[in-house]
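Visitor: Take a look at this one; I'll ask things after.
The values are calculated or read from the model by the stated rules, or taken from the named source; none is laboratory data. Predicted, not measured: the structure shown is a model, and the values here were computed from it. All Cβ positions, glycine included, derive from the backbone under ideal geometry; neighbour counts span all protein chains shown. With ligands, DNA and RNA removed, areas are computed over all heavy atoms of the protein, side chains included. Shrake-Rupley method; radii C 1.70, N 1.55, O 1.52, S 1.80 Å.
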Amino acid sequence: MKFIQKGKEPTVFTTWKEEDKMYQHAQPNWNRLNSSVKEIIKDNLIAEQGGLCCYCERELLENDFHIEHLRPQSKFPKLQLEYDNLLCSCQLEL
């Protein structure tokens, strides 16, 4: 697994969380996040990771990666909208 120095979350993500009433009531939900904010998050994650998969360090190719929750949403629902819990991984099945 690649060491990733996490940076500050994108301003648009912070703003979205500040405006989302469900997030403000301690009910985060990744599925409510709109695709344009997800796209900005994805771009930031790829830059942080130097364009490499967080697990296998393979180059992240267009349409061959996704945003990954390091701590799974099913077990850690309160962390699903925490930037420190987000990474990009390739689709390669290991």
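Visitor: Of all residues in region 52-94 being of a type in the set (D, E, K, R) and under 23 Å from Thr11 (Cα atoms), which is farthest from the chain's Cα centre (by Cα)?
Guide: So the residue we want is Lys78.
Visitor: Could you list all residues from region 65-79 that are in contact with a His (Cβ under 9 Å, 6 or more places away or on another chain) and in a loop (DSSP other than H, G, I, E, B)?
Guide: Passing the criteria: only Phe76.
Visitor: Output the residues belonging to region 9-49 that are within 29 Å of Leu92 (Cα to Cα), part of a loop (DSSP other than H, G, I, E, B) and touching a residue at least 24 places away in the same chain (Cβ under 8 Å).
Guide: Glu9, Pro10, Pro28, Asn29, Leu33, Gln49
So that you can scan it fast, the table gives a plain yes or no per residue for (1) among the charged types (D, E, K, R); (2) under 18 Å from Ile4 (Cβ atoms):
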| position | (1), (2) |
| --- | --- |
| Trp30 | no, no |
| Lys42 | yes, yes |
| Ile46 | no, yes |
| Tyr55 | no, yes |
| His66 | no, yes |
| Leu81 | no, no |
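Visitor: For region 1-26, which positions are over 19 Å from Lys38 (Cα atoms), open to solvent by 100 Å² or more (accessible area, probe 1.4 Å) and within 16 Å of the chain's Cα centre (by Cα)?
Guide: Across region 1-26, the qualifying residues are Phe3, Gln5.
Visitor: Suppose we filter region 50-59 for residues that are part of a strand (DSSP E or B) and either hydrophobic (A, V, I, L, M, F, W, C) or within 12 Å of Leu87 (Cα to Cα) (or both); how many remain?
Guide: Total satisfying the criteria: 1.
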